[in-house]
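Nothing in this text is a laboratory measurement; each read-out follows from the coordinates by a stated rule. Here the structure is a predicted model, which is why all the values come from computation and not from measurement. Here the Cβ is made from the backbone with ideal geometry for all residues, glycine too, and neighbour counts use every protein chain on show.
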Amino acid sequence: MPRLTAKDFHPEILRLFDQYVHGLIPRRGFLQGASAFAVGVSAIEILDMLNPRFAEAQQVKPDDPRIAAQAIEIESPRGSGVLRCTLAHPAAGEGAAVEKRPIVLVIHENRGLNPHIEDIARRLALDGFLALAPDALTPLGGYPGDEDRARELFGKLDQQKCAEDFVAAAHYLKSLPAGNGRLGVIGFCWGGGMVNILAERLPELVAGVPFYGVAPDLARVGDIKAELQLHFAGDDSRVNATWPPFEEALKAAKVRYEAFVYPGAQHGFNNDTTPRFDASAAKLAWERATGFSKKTLVG
């Protein structure tokens, strides 16, 4: 069966799915709404079609000899106490001189540290970065292996403690002797919004790359010292409505930034495990994001 894309679904189904995955309507609401546009399949089958296919999209295997990846735990005393993470970096060849790597904190969508985000961390390692991907669901047992259950758990998180967890992760990453100390952060969806929050919270942040993330507290935009590169889906009215006032605040505060909108792309277009993936937009955005990160983080 050919790989499904956003064009295979009625726009209203995609709109309902976006509302569902962000907790704006319940599962039943999606199924009831989608059933009106289902042709030849049930609404439950449509939901299954839209859910991730992690194995099919994996680009870098956990045991790829070009990288080293491991699960670690770090302390987060002002957050959840303990935070589980995946740490990935290029493998050092035998006898090779130890090279200090640019460091990137990777922030997941609103499902926790699932296989896709672990793969993102490994992709960054393959690009030469020291990448740390924490799991905000750690206090609730961690990513449960099921996307619906993960979204349900995510709604129970203390968002203030989540922010403290990622602050702690950023400080841990910056302290690693294998890194060069120049801190970057990249995030997707909920993680994109968290990038914007951390940009306000962390004066030591050098570069932030939010993918389709909502605007942070506009009153604190003047605290941003990092350079930002922002990516938006063209067909994403929920997130994009927060951008104009955010951009105005960035300009007023003289924050260095560049922003890109990908026409016709859906929210989540970089996630290659789902039909909302847009191959051309994702390729261009990833090249821009990694190029920007190398330019700003390589000391």
Quick one: compute the contact order of the chain, relative version, from alpha carbon pairs under 8 angstrom and 6+ residues apart, as a percent.
16
Could you list the GluC sites (Glu not before Pro) in segment 172-270 that lie in coil according to DSSP, counting only those with at most 14 other Cβ atoms within 10 Å of their Cβ?
GLU204
Against the longest principal axis of the chain, how steep is helix 115-126, in degrees 0 to 90 to the nearest 10, with axes from Cα atoms?
40
Would you compute, from DSSP H runs of 4+ residues alone, the mean residue ellipticity of the chain at 222 nm, taking -39500 (n - 2.57) per run and dividing by the full residue count, rounded to the nearest 500?
-11500 deg cm²/dmol
Could you tell me whether segment 195-299 comes out rounded, prolate or oblate from its Cα gyration tensor? Rule is a ≥ b ≥ c as square roots of the eigenvalues, rounded for a/c under 1.5, then prolate if a/b exceeds b/c, otherwise oblate.
oblate
Segment 6-50: Cα Rg divided by the 2.2 N^0.38 Å rule of thumb
0.99
0 to 90° range, to nearest 10: angle between helix 159-175 axis and the chain longest Cα axis
40
Charged-residue dipole, Cβ positions (Lys, Arg, Asp, Glu), the chain about Cα centre, Debye nearest 20
500
With 10 angstrom as the radius, rank ILE117, ILE107 by how many other C-beta atoms surround their C-beta, starting from the fewest.
ILE117, ILE107
Of every Cα-Cα pair in segment 1-102, the percent that sits beyond 24 Å:
54
By counting other Cβ atoms within 10 Å of each Cβ, how are LYS254, LYS61 ranked from fewest to most?
LYS254, LYS61
Rank-order 64-73, 156-165, 79-88, 266-275 by packing density, defined as the average count of other C-beta atoms within 10 Å over each peptide's residues, highest first.
266-275, 79-88, 156-165, 64-73
Quick check on the exposure proxy: order ARG123, ARG78, ARG28 from fewest to most C-beta atoms within 10 angstrom.
ARG28, ARG78, ARG123
Only bridges whose two residues both fall in segment 60-297 count here: according to DSSP, what percent of them are antiparallel, nearest 5?
35
Angle in degrees between helix 243-252 and the longest Cα principal axis of the chain, rounded to the nearest 10
30
Lysine pair number, Cα distance threshold 26 Å (strictly under), segment 60-297, separation 8 or more or different chains
24
Percentage relative contact order, segment 13-98, counting C-alpha pairs under 8 Å, at least six apart
17
Under 1.5 on a/c is rounded, so check that first for the chain, then, if it is not, pick prolate when a/b is larger than b/c and oblate when it is not; a ≥ b ≥ c are the square roots of the alpha carbon gyration tensor eigenvalues.
prolate
